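The values are calculated or read from the model by the stated rules, or taken from the named source; none is laboratory data. Not measured: the values here are computed from a predicted model. Every residue, glycine as well, gets a Cβ built from its backbone with ideal geometry; the counts of neighbours run over all protein chains shown. Heavy atoms of the whole protein, side chains included, go into the accessibility calculation; ligands, DNA and RNA do not. Shrake-Rupley method; radii C 1.70, N 1.55, O 1.52, S 1.80 Å.
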Amino acid sequence: MEPDRALTEGDLPEWDLCDLYESTDSPALAADLDAAAAAARDFAAGHAGRLGGYDAAALAAAIAEYERIDEQLGRAASFASLLFAANASDSQVAKFTQSVNERITAIGSDLVFFTLELNRLDPAGLERHLQDPALARWQPFLRDLLVFRPHQLSDEIERVLHEKEVTGRSAWSRLFDETMAGLRVTIGEEELTVGDALNRLADRDRRKREQAARAIGATFQRNIRLFSLITNTIAKDKAITDGWRHYPRPGSSRNRGNMVEDEVVDALVDAVTGDYGRLSHRYYALKARWLGLDRLEHWDRNAPLPGDENRTIPWDEARARVLGAYAGFDPRIGAIAQRFFDRPWIDARLRPGKSGGAFAHPTVPSAHPYILLNFHGRTRDVMTLAHELGHGIHQILAAEQGYLMSGTPLTLAETASVFGEMLTFRALLDSETDPARRRLMLAGKVEDMLNTVVRQIAFYRFETLLHDERKSGELLPERIGALWRQVQAESLGPAFNLTPEYDVFWAYVPHFVHSPFYVYAYAFGDCLVNALYGVFAGGHPGFAAKYLEMLRAGGTKRHRELLAPFGLDASDPAFWRRGLDVIAGFIDELERA
């Protein structure tokens with residue numbers, strides 16, 4: 001059944017960005033950018049080349065001023081980014097966003113020296129300064145900065161890379177976004193956005209799913225040379241920068257940013273790929289049997305199961321379910337979640353030109369996060385709402401650490417979001433008494449977990465193969481498609497027959513363009529949360545209070561410190577098996593049903 005268009009278009013919330021700026025021609029926005037430009041020039045004039053002679057108090061004051069200017073720029077950047085996400089097909093919005101980004105890049109050129117010079121301070125002297133209470137607050141910021149010291153280039157090269165960003169990788173990302181937002185998929189007499197067409201792949205009618213899948217494939221195929229050019233260019237651009245910075249492999253720079261060792265990521269990837277058989281292969285064989293099919297096609301992956309009425313869930317019901325789950329876990333978290341609905345912080349409405357998918361943007365600590373999703377009234381949309389609300393709660397709690405230290409490494413950024421999904425799912429499952437409905441809910445949760453863990457690791461494998469092969473030259477669209485087919489066949493298993501048009505479905509995944517090697521963070525977060533939820537379900541004393549403190553820590557602590565209070569250690573190979581065992585246990589239960 002199609003979502004109620006009156007519901008999706010008339011009753012869904014739309015955000016109001018006025019808490020950032022009133023409009024694109026806001027005098028406050030112009031004043032902030034002018035003030036930031038003047039402050040950045042003064043900052044460079046007052047501090048460049050002098051940090052080595054500063055005492056702890058002077059260093060602390062300089063970092064605080066740097067944070068203030070950076071947050072001012074971050075507010076403007078957030079406004080432009082959110083405006084573009086809400087309507088990427090509006091040429092005036094695109095022009096405004098590009099102009100703001102170019103202005104911020106120009107202003108930021110005066111600030112580039114600061115972190116470079118901090119990283120050149122004598123380590124022994126810096127260590128002595130950190131014993132002074134005046135600088136102690138900034139220890140996590142400086143600790144994380146030093147991770148990049150071996151990969152830092154000269155000030156001149158760093159400045160060139162910074163200034164060329166708007167005409168380099170960012171320009172290609174913008175081209176991808178505008179192209180994807182402008183595409184229309186022809187299905188019968190309808191012209192659909194890519195997001196609406198992809199939603200058809202969850203239709204109850206198999207003929208409609210196939211029709212949508214083939215139409216999406218044809219649309220991507222007509223544009224595949226452009227998407228291949230974007231992908232090849234971004235991969236080569238990354239390889240050049242990584243080579244200058246002496247990163248050992250394409251994923252290493254992402255891992256450094258996530259404050260996680262390459263070996264920990266390898267252990268996760270090995271654990272998941274080694275479990276394809278007992279996870280995705282086993283589940284999709286069950287699904288084929290339930291659907292009465294010898295083999296599944298790619299358009300059957302998200303097909304509703306027999307007996308699932310696939311009813312449209314009204315927004316008010318989705319909100320009540322999610323808020324109930326969060327408040328049931330801890331009233332303090334429930335109260336934070338409530339703020340997002342009481343105020344215009346969520347954009348769930350469907351409209352042409354809006355970014356597909358979903359995200360929670362933290363903006364800046366002096367404002368608040370905003371959430372974007374595309375609500376079609378499906379059960380998965382309820383889980384998406386729970387997921388993004390978890391991010392928003394995390395971002396609000398972490399904001400007290402300040403702009404420079406509120407951001408959480410991606411590996412831990414997914415903790416609150418996936419935990420929120422699990423809370424919502426468990427609340428729904430516990431309230432369901434019908435065995436058939438419970439089985440459907442359990443199967444839906446398994447599919448979500450497979451999409452979060454197995455599918456994202458397959459994405460990571462695809463990126464790894466693509467970037468490794470790109471070192472030898474540009475990849476033709478057919479070769480990129482072959483790599484995509486290889487990793488999808490490995491991860492989905494023998495239950496699937498992959499038809500040729502699926503070879504181009506890599507093209508719509510924005511992470512490959514915007515944030516290479518991001519995707520493993522989803523699997524990291526899901527396995528981490530599975531283990532964490534097990535601790536919670538086991539009655540760990542003071543769990544909620546410890547969980548709140550973990551979220552409040554933002555980026556001030558690493559994964560080992562954050563997980564230690566719960567008796568967990570992500571560097572232990574058995575840790576990943578513990579998380580994967582939860583998914584396998586759900587599949588065991590489905591096999592017995």
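Values for this structure:
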item	result
Of all residues in segment 420-465 being within 25 Å of PRO248 (Cβ to Cβ) and in contact (Cβ under 8 Å) with a residue 40 or more places away in the chain, the one that is nearest to the chain's Cα centre (by Cα)	GLN456
Yes/no for ALA45 being in contact (Cβ under 8 Å) with a residue 60 or more places away in the chain, outside any loop (DSSP other than H, G, I, E, B) and of a type outside the set (D, E, K, R)	no
Failed condition for THR424, given (1) in a helix (DSSP H, G or I); (2) farther than 30 Å from ARG137 by Cα; (3) open to solvent by 10 Å² or more (accessible area, probe 1.4 Å); (4) not hydrophobic (A, V, I, L, M, F, W, C)	(3)
Flag if PHE524 is over 30 Å from ARG225 (Cα atoms), without any contact (Cβ under 8 Å) to a residue 24 or more places away in the chain and surrounded by 19 or more Cβ atoms within 10 Å (Cβ to Cβ)	no
Filter result for PRO314 (touching a Gly at 6+ places or on another chain (Cβ under 8 Å), touching a residue at least 40 places away in the same chain (Cβ under 8 Å) and surrounded by fewer than 20 Cβ atoms within 10 Å (Cβ to Cβ))	yes
Cβ-Cβ under 6 Å pairs, at least 6 apart or on other chains, segment 204-220 side under 19 Å from ARG378 (Cα atoms), far side of a type in the set (Val, Ile, Thr) and open to solvent by less than 50 Å² (accessible area, probe 1.4 Å)	ALA212/ILE187
Some residue of segment 49-58 being assigned to a helix (DSSP H, G or I), open to solvent by less than 20 Å² (accessible area, probe 1.4 Å) and touching a Ser or Thr at 6+ places or on another chain (Cβ under 9 Å)	no
Flag if SER78 is open to solvent by less than 30 Å² (accessible area, probe 1.4 Å), part of a helix (DSSP H, G or I) and among the polar types (S, T, N, Q)	yes
Residue match in segment 465-484 (condition: open to solvent by 10 Å² or more (accessible area, probe 1.4 Å), over 26 Å from VAL260 (Cβ atoms) and of a type in the set (S, T, N, Q))	yes
Every residue from segment 107-137 that is over 22 Å from MET259 (Cβ atoms) and open to solvent by 70 Å² or more (accessible area, probe 1.4 Å)	ASP122, ARG128, GLN131, PRO133
Of all residues making up segment 278-298, the number that are open to solvent by 40 Å² or more (accessible area, probe 1.4 Å) and within 30 Å of LEU412 (Cβ to Cβ)	3
Residue count for segment 547-592, restricted to those that are within 30 Å of TYR284 (Cα to Cα) and either out of contact with any Phe, Trp or Tyr (no Cβ under 9 Å at 6 or more places or on another chain) or assigned to a helix (DSSP H, G or I) (or both)	21
Residue in segment 241-250 that is under 27 Å from ALA523 (Cα atoms), in a helix (DSSP H, G or I) and among the small types (Gly, Ala, Ser) present	no
Residue within segment 407-419 that is in contact (Cβ under 8 Å) with a residue 40 or more places away in the chain, in contact with a Pro (Cβ under 7 Å, 6 or more places away or on another chain) and surrounded by 21 or more Cβ atoms within 10 Å (Cβ to Cβ) present	no
Breaking point among (1) closer than 30 Å to LEU198 by Cα; (2) modelled with pLDDT under 90, for PHE575	(1)
Residue tally, condition open to solvent by 10 Å² or more (accessible area, probe 1.4 Å) and at positive phi, over segment 543-593	1
Wholly enclosed helices (runs of 4 or more DSSP H) of segment 477-546 bearing at least 1 residues modelled with pLDDT under 90	520-537
Candidate set: segment 299-311, residues that are touching a helix residue (DSSP H, G or I) at 6+ places or on another chain (Cβ under 8 Å) and either free of Cβ contacts under 8 Å to residues at least 24 places away in the same chain or among the charged types (D, E, K, R) (or both); chosen: the one least open to solvent (accessible area, probe 1.4 Å)	ASP300
Among the residues listed as ALA489, ALA531, the single one being open to solvent by 40 Å² or more (accessible area, probe 1.4 Å) and under 18 Å from VAL453 (Cβ atoms)	ALA489
Selection within segment 521-569 - among the small types (Gly, Ala, Ser), farther than 27 Å from PRO365 by Cβ and in contact with a helix residue (DSSP H, G or I) (Cβ under 6 Å, 6 or more places away or on another chain)	ALA523, ALA531
Which listed residue is outside any helix (DSSP H, G or I), in contact (Cβ under 8 Å) with a residue 60 or more places away in the chain and in contact with a Ser or Thr (Cβ under 6 Å, 6 or more places away or on another chain), from GLY357, GLY353	GLY353
In segment 138-156, the residues that are open to solvent by less than 60 Å² (accessible area, probe 1.4 Å) and either under 19 Å from GLY356 (Cβ atoms) or assigned to a helix (DSSP H, G or I) (or both)	PRO140, PHE141, LEU142, ARG143, ASP144, LEU145, HIS151, ASP155
Subset of segment 544-564 [over 21 Å from the mean Cα position of the chain (by Cα) and basic (Lys, Arg)]	LYS546, ARG560
Test set (1) outside any helix (DSSP H, G or I); (2) open to solvent by less than 20 Å² (accessible area, probe 1.4 Å); (3) more than 29 Å from ARG184 (Cβ to Cβ) - MET449 fails condition number	(1)
Residue that is surrounded by the most Cβ atoms within 10 Å (Cβ to Cβ) [pool: residues in segment 227-275 that are within 20 Å of the chain's Cα centre (by Cα) and of a type in the set (Lys, Arg)]	ARG254
